[in-house]
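A quick write-up on the structure given underneath.
The values are calculated or read from the model by the stated rules, or taken from the named source; none is laboratory data. The structure displayed is predicted, hence computed values, not measured ones. Glycine also receives a Cβ, built like all others from the backbone with ideal geometry; neighbour counts cover every protein chain displayed. For the accessible areas, the whole protein counts, side chains as well, though only heavy atoms, and no ligand, DNA or RNA atoms are used. Shrake-Rupley method; radii C 1.70, N 1.55, O 1.52, S 1.80 Å.
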Amino acid sequence: MATMKAIQIQRHGGTEVLEYVDLPRPEVTGNKILVKNHAIGVNFIDIYHRTGLYKVSLPFILGHEGAGVVEFIGEGVTDFAPGDQVVYMASDCYAEYTLVPSSHAFKIPANIKFKEAAAFLLQGLTCWTLVTQSYAVQKGDYVLIHAAAGGCGLLLTQLSKLLGAHVIGTTSNAQKAELAKKAGAEYVINYTTENVVEKVNEITNGLGVHVVYDGVGKDTFEVSLAAARRLGTVISFGNASGLVPPFTIARLADKNLRLMRPSLMNYVTTKEEFQKYTKELFDLIQENKISLLNVQVHKLSDAKKAHEYLESRKTTGKLILELV
Ligand SMILES: NC(=O)c1ccc[n+]([C@@H]2O[C@H](COP(=O)([O-])OP(=O)(O)OC[C@H]3O[C@@H](n4cnc5c(N)ncnc54)[C@H](OP(=O)(O)O)[C@@H]3O)[C@@H](O)[C@H]2O)c1
């Protein structure tokens, strides 16, 4: 039986539960393709799966995106052939091979490398749907983006700017602030030392922002509600600092706020949705409308290091696990 290397967890916990193991290589069937991975994206959700913040059935191979070469195709597959270079969303991605539903694979345009494709996909789709579907950013909007130098933060900043918004980013240090500015933030607030709501009010003549994109969660949620203007929108899309505590919806009446908690998976559930948004994302990349400002690369066997960096707030931009 063919085997492969993978990062698996047998129990939830710290980075010590990430095991680099030999597992059987998956067999391709039906509408699936078997991809030999070259680059695998690391996302915050991988940390939630490892710690058990989001429960998964164990044992579990982490990871939700990758890029590589199609090795085998199932009997129902018509869109792909062995040798195609693809980027995809699937489960079990921290591995040499991943079984991918062909509905959620996309041929990588010729001028884009595996590493870039994997670095863009999940966070790019998240941010593109956040600025077009969760709240459609309008020209002239004031947009507050927490953790603006993070993987999602840098893409949200670029996309909001592209749509004509004034971006206010928050970061935890000056080096991250510089990067957020490079991505297009007009203003950056250090949310560990400055009063974000006061600063936002200074910038917006006391009105507040049209929309807040909050992937930090527990530590920033109250700030997000306070920084939004009357009739504004708060999009809470993640929990890097912990889950937002239970919340009384009557509080939204203070300013007639809209509050949403979107998940990417519910925007790209069907083949049509995944292909449409992925095509739009890769068009933006090819037109040089968005770029990767920072990508940190680790070996698959060093996934522990990648997790340690990401959860200790030491990273900017995207983390990738590379295989070749
Ligand atoms: N809803 C969805 O479908 C979806 C999809 C993708 C990602 N997300 C969410 O988007 C958020 C960002 O994900 P990402 O992968 O791009 O990560 P990231 O932003 O690159 O990293 C997280 C950043 O959050 C900030 N942060 C603040 N408090 C933190 C804490 N206590 N622990 C760790 N980080 C803290 C840090 O930036 P500073 O040092 O500047 O504070 C850190 O760099 C996550 O919450 C993730 O779950 C959601």
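Data for the structure
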quantity	calculated
The chain, relative contact order in percent, only Cα pairs under 8 angstrom and at least six apart counted	17
Under 24 Å from the Cα of Lys5 - lysines, other chains or at least 8 residues apart	Lys32, Lys36, Lys55, Lys113, Lys115, Lys299, Lys304, Lys305, Lys318
Note, ³J(HN,Hα) from phi for the range 192-206, Karplus 6.51, -1.76, 1.60, rounded to Hz, x at Gly and Pro	8, 10, 10, 8, 5, 5, 4, 5, 4, 5, 4, 5, 10, 6, x
Of all DSSP beta bridges in the chain, antiparallel share, percent nearest 5	55
Residue-count net charge about Leu144 - beta-carbon cut-off 11 Å; Lys, Arg +1, Asp, Glu -1	0
Rel. contact order, % - alpha carbon contacts under 8 angstrom, at least six apart, the range 237-324	22
Note, ³J(HN,Hα) from phi for the range 287-301, Karplus 6.51, -1.76, 1.60, rounded to Hz, x at Gly and Pro	7, 6, 7, 9, 9, 8, 8, 7, 10, 9, 10, 10, 6, 3, 5
Protein-only accessible surface order, largest first, of Met265, Met89, Met260 at 1.4 Å	Met265, Met260, Met89
Two-site label geometry, Thr51 and Asn190: point separation in nm, points 7 Å out along Cα→Cβ	2.5
Lys, Arg +1 and Asp, Glu -1 on Cβ, resulting dipole of the chain about Cα centre, debye, nearest 20	500
FRET efficiency estimate (nearest 0.05) - Cβ-Cβ, Asn256 to Ala2, R0 56 angstrom	0.45
Loop chymotrypsin sites (Phe, Trp or Tyr not before Pro), the range 235-276, which have at most 16 other Cβ atoms in a 10 Å radius of their Cβ (DSSP)	Phe247
Helix-only mean residue ellipticity at 222 nm for the chain, each DSSP H run of n ≥ 4 adding -39500 (n - 2.57), per residue, nearest 500	-8000 deg cm²/dmol
Long-range HN-HN contacts of Val209 with modeled amide H, under 5 Å	Ala228, Arg229
Local net charge near Asp22, Cβ-Cβ under 15 Å (Lys/Arg +1, Asp/Glu -1)	-1
Carbon plus sulfur fraction of accessible area for the range 139-262, probe 1.4 Å, in percent	53
Local electrostatic count at Tyr267 - Lys and Arg +1, Asp and Glu -1, tallied over other residues with Cβ under 15 Å	0
Excluding exposed DSSP-loop GluC sites (Glu not before Pro) (at most 12 other C-beta within 10 Å), longest clean stretch of the chain	76-193
In the range 35-106, the chymotrypsin sites (Phe, Trp or Tyr not before Pro) that fall in loop regions by DSSP, at most 15 other Cβ within 10 Å	Tyr54
The range 1-87: trypsin sites (Lys or Arg not before Pro) in DSSP coil with no more than 15 other Cβ atoms inside 10 Å	Arg11, Lys55
Under Karplus coefficients 6.51, -1.76 and 1.60, residue-wise ³J(HN,Hα) of the range 216-221 in Hz, glycine/proline x	8, x, 3, 6, 10, 4
For the range 139-262, size of Cβ-based charge dipole, Lys and Arg +1, Asp and Glu -1, in debye	320
On Cα atoms only, tilt of 271-286 relative to the major axis of the chain in degrees	70
Probe 1.4 Å, accessible area per residue of the range 139-262, Å²	44
Long-range amide H partners of Asp141 with built H, under 5 Å	His166
